[in-house]
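A short write-up of the structure that comes next.
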Amino acid sequence: AAVAPAARLACPNGGARCRIEAGTAYQPRAPLPSAAGAVAAAAVGCLTGSLAGTDRRIARGRRRRSRHTASRAAAAVTGTLLAAPSRQLHFAARCARGGAEVAADPSSLVLCFDFDGVIGDSVDESSEAAWRHAKERWPELDLGSSAEPFLAPMRKVRPVVETGWENTVLIRILAESGTEDSLINSILPSWEEMRNMRVQEWGLDPREMIREYGEVRDRWIAADQVGWLGRNRAYDGVTDVMQAMMRGGAEVFVITTKQKRFCAALLKDFGLHFPEEKLFALEDGPKTEVLLGLLQRPALKGRTFHFIEDKLGTLKKVSALPDLSEIKLHLVDWGYNTESDRSSVRSGSLGDISLITKADFQLLGLGRSWLDLKVV
């Protein structure tokens, strides 16, 4: 199959520009109708990822002019493209706000990662820690002799959790009210109100809950570190890409609501040799404040920031702050979010938030696979 030469064209996206990257190794799920049609598709959609089938993001702005603009853009592309209308093209379109080009130099990138749901799958560990915490705090509760019956329902409600101690509240709710899907479905859309009601009803102090939850983990690790580590796993391929990003010269940070000592231990267990000064955790304040602090660092001025999260609510908070508007926001499709969350992002209705797959993640910010990057 033919490979598209590199080309730039105007997008109908408020002045942003697309770049068709040469030789991007995407396999289309369905044949593209023609070279001109492929280029037109790039102009119309300003797509993030492969035009041949990866998740798409239609950026904010004008769409009514897209057909006319696309046809003009297609006609302006080199004769090499237009000379082979019957051949499939393998390329990706990349779009950046404000007309900026996609960064090809790894050292120009700042990549900020959430931990739980992005780097590591910790739901079984956090659920068992919550079960242990609930047994200590409410000995009168019938929680059984094992956390196992709670693990599957806790995975279903995990998208609502922002900080670990909330898992303990969920365990008690499930223990008292059952684990039926009807209860789980009521938790997902109304968790904040439900949590606040239980905090008041049960006389809970969130700061005390955080301390106790951490102490439960400390005792578990002291008694059985191997067992604690075994309740966590790294998502396939994610740590390999992060290692490649760091080797390539990108600035990589982790920003999490997990307590720092636990996140540091898991990063080490996952094989990520991560400098402590690049790990921001619960003790360091809200993610929005951490991101603002990084943006204001003189050493990071002028670089392109990406924030990779699994929680849509967090991305919305970042998106709502004008001071953070230059950060490119990405919701992962493998973390603790719901199909409703993913559909909202996929539809383009949230503007500057994109949905990324594992395949997209390998190319993030670079325009080619991080795993193929050769470090001299």
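The values are calculated or read from the model by the stated rules, or taken from the named source; none is laboratory data. Given the structure is predicted, the values throughout are model-derived calculations rather than measurements. All Cβ positions, even for glycine, are placed from backbone atoms using ideal geometry, and neighbour counts span all protein chains on display. SASA here: full protein model, heavy atoms, side chains in, ligands and nucleic acids out. Shrake-Rupley method; radii C 1.70, N 1.55, O 1.52, S 1.80 Å.
Numbers for the structure displayed
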quantity	calculated
Per residue accessible area in Å² of region 222-328, where ligands, DNA and RNA are left out and the probe is 1.4 Å	46 Å²
Global geometry of region 186-249, whether rounded, prolate or oblate, following the gyration tensor of its Cα atoms and the 1.5 cut on a/c	oblate
Accessible surface, region 133-182, averaged per residue in Å² (probe 1.4 Å)	44 Å²
Solvent-accessible area, 1.4 Å probe, carbon plus sulfur percent, for region 267-376	52 percent
Calculated from backbone phi, Karplus (6.51, -1.76, 1.60) coupling profile of region 303-315 in Hz, x at Gly/Pro	8, 8, 9, 10, 10, 10, 9, 10, 10, 4, x, 5, 5
Region 197-289: relative contact order as a whole-number percent, Cα under 8 Å and 6+ apart	24 percent
Segments 166-176, 363-373 sorted - mean Cβ within 10 Å per residue, highest first	166-176, 363-373
Karplus-derived HN-Hα couplings along region 351-363 (A = 6.51, B = -1.76, C = 1.60, θ = phi - 60°), whole Hz, x at Gly and Pro	x, 8, 9, 10, 9, 10, 9, 4, 5, 4, 4, 4, 9
Those lysines that a straight Cα-Cα span of less than 21 Å connects to residue 268, excepting residues fewer than 8 apart in one chain	258, 260, 278
Residues with amide H under 5 Å from that of residue 354, placed H, sequence gap 5 or more	329, 330, 331
